[in-house]
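Down below is the structure, laid out as structure tokens.
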Amino acid sequence: MRKVRVELGQRSYDICIGHNILTGLARHLKGLSVGKKGAIITNPIIKKPYGDPIQQHLIDEGFSITTIELPAGERYKTLRSVGKIYDILIEKKFERDSFIIALGGGVIGDIAGFAAATYLRGIPYIQVPTSLVAQVDSSVGGKTGVNHPLGKNLIGAFYQPILVWIDVEVLKTLPRRELIAGMAEVVKYGVIADTRFFNFIGENYKNVLSLEQKALIHTVARSCEIKAMVVSADEREKGQRAILNFGHTMGHAIETATDYRRYRHGEAVAMGMAFAARLATVLGMCHKDVLNWIERVCSSIGLRTSLPAAGFETLWDILQRDKKVINERLRFVLPVRLGEVKIVDGIGRVVLQKTVQSCYSSYKNVRHEKRVSGHHK
Ligand SMILES: NC(=O)c1ccc[n+]([C@@H]2O[C@H](COP(=O)([O-])OP(=O)(O)OC[C@H]3O[C@@H](n4cnc5c(N)ncnc54)[C@H](O)[C@@H]3O)[C@@H](O)[C@H]2O)c1
């Protein structure tokens, strides 16, 4: 089993990563200072294969466990779901040392973490992430929360778990599209912090996607190490933690432009990363090779990097609503080279428009080249 430590003083915790370790959680929990009463929060897809065995092992170890099922899907990431959790915790008389286990993808992790942060002003919780996005990203770092009808993740709290328990074996039931989307966040870690890891992904993505144990554990562990390092240095995103948003500014705009329906979050992030790299080349901040490498690795994995045909004005309008806009000028995380990014403020309309246009024309050229080379055959 690999262990990664998130160093946050008294709120430090371990991320344990292994293969077939799910039911070992019960024994591990006995060594932590939590009470006897716990709730597993999960959804119907995950409950049967993973929730039930965990519950049984916890009961065998002397815990008293309630399972709370929420419907699956982003549209249930609401205060209503949190309310449903409170109702059950109150009814079952959960106390300050009672604990919550968040068992599922990022949606369950965010909701359950927020319920833990707010019930009795905070009770301990454990993240047991089951999607790749949740294993490499959302379960680490303590961002919890729910959506509001007027926007995503608008209600929330920073609240760290006491343990993150990752069994990569559960990814065998994750739909392939979700697995591929999760790889975008993995590529992101390589670009923002570690060239060697970026190259590793470029060379080993097939093994990771076929869930080969060694490659998969290294991928998840290295991603968690990088996230842990960034979060330890800046827990509340006062500065450097924002580098984790590489690919997310344009990614979010694409998700919004397509009503959060067409693309998985990771799919939009891949387009956003390629866009940011192109913007950096337009600004003369990085060599075009960086853009080419990001595009190549993402498309090998099966992630599209070209922008959807949303049109500049639509994207610009959405980008204007971004929290970090000052005088119509935007913040982007941009690559300087592979393994290093910079937070750049003050990106204006003209350069963005130029980059969007250059995206569209470069893809037209690629299509044109393909047609031309087709003629020669
Ligand atoms: N808190 C953070 O730091 C952070 C970071 C990134 C994303 N997020 C949030 O995470 C959410 C996205 O997470 P996600 O991509 O995991 O989506 P998700 O939780 O909706 O999971 C995707 C789908 O896969 C299913 N699933 C999960 N694990 C499975 C498994 N092992 N086998 C079979 N099916 C499985 C889920 O039931 C769901 O249908 C968004 O709400 C996003 O805002 C939070």
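Observations on the model:
- Taking the criterion of being near the ligand (Cβ under 10 Å from one of its atoms) and open to solvent by 10 Å² or more (accessible area, probe 1.4 Å), the residues of the range 131-153 that qualify are S131, V133, D137, S138, K143, T144, N147, K152, N153.
- Meets criteria (small (G, A, S), near the ligand (Cβ under 6 Å from one of its atoms), out of contact with any Asp or Glu (no Cβ under 6 Å at 6 or more places or on another chain) and open to solvent by 10 Å² or more (accessible area, probe 1.4 Å)) for G122: no
- Of Q127, Q160, all but one fail to be more than 9 Å from the ligand (Cβ to nearest atom), polar (S, T, N, Q) and touching a residue at least 60 places away in the same chain (Cβ under 8 Å); the exception is Q160.
- Residue, most open to solvent (accessible area, probe 1.4 Å), within the range 67-115, restricted to residues that are among the aromatic types (F, W, Y) and away from the ligand (no atom under 14 Å from the Cβ): Y86
- Test: residue in the range 37-48 that is under 28 Å from the mean Cα position of the chain (by Cα), open to solvent by 20 Å² or more (accessible area, probe 1.4 Å) and either away from the ligand (no atom under 16 Å from the Cβ) or modelled with pLDDT under 95 (or both): no
- Screening E267, E255 for residues that are of a type outside the set (A, V, I, L, M, F, W, C), crowded, with 18+ Cβ neighbours inside 10 Å and in contact with a Leu (Cβ under 7 Å, 6 or more places away or on another chain) leaves exactly one candidate, E267.
- Failed criterion for G24 (all others in (1) within 15 Å of the ligand (Cβ to nearest atom); (2) open to solvent by less than 70 Å² (accessible area, probe 1.4 Å) hold): (1)
The values are calculated or read from the model by the stated rules, or taken from the named source; none is laboratory data. Computed from a predicted model, the values in this text were never measured in an experiment. Heads up, the Cβs are rebuilt from the backbone with ideal geometry, glycines too, and the neighbour counts pull from every protein chain shown. Remember, those area values only see protein heavy atoms, side chains included, never the ligands or the DNA or RNA. Shrake-Rupley method; radii C 1.70, N 1.55, O 1.52, S 1.80 Å.
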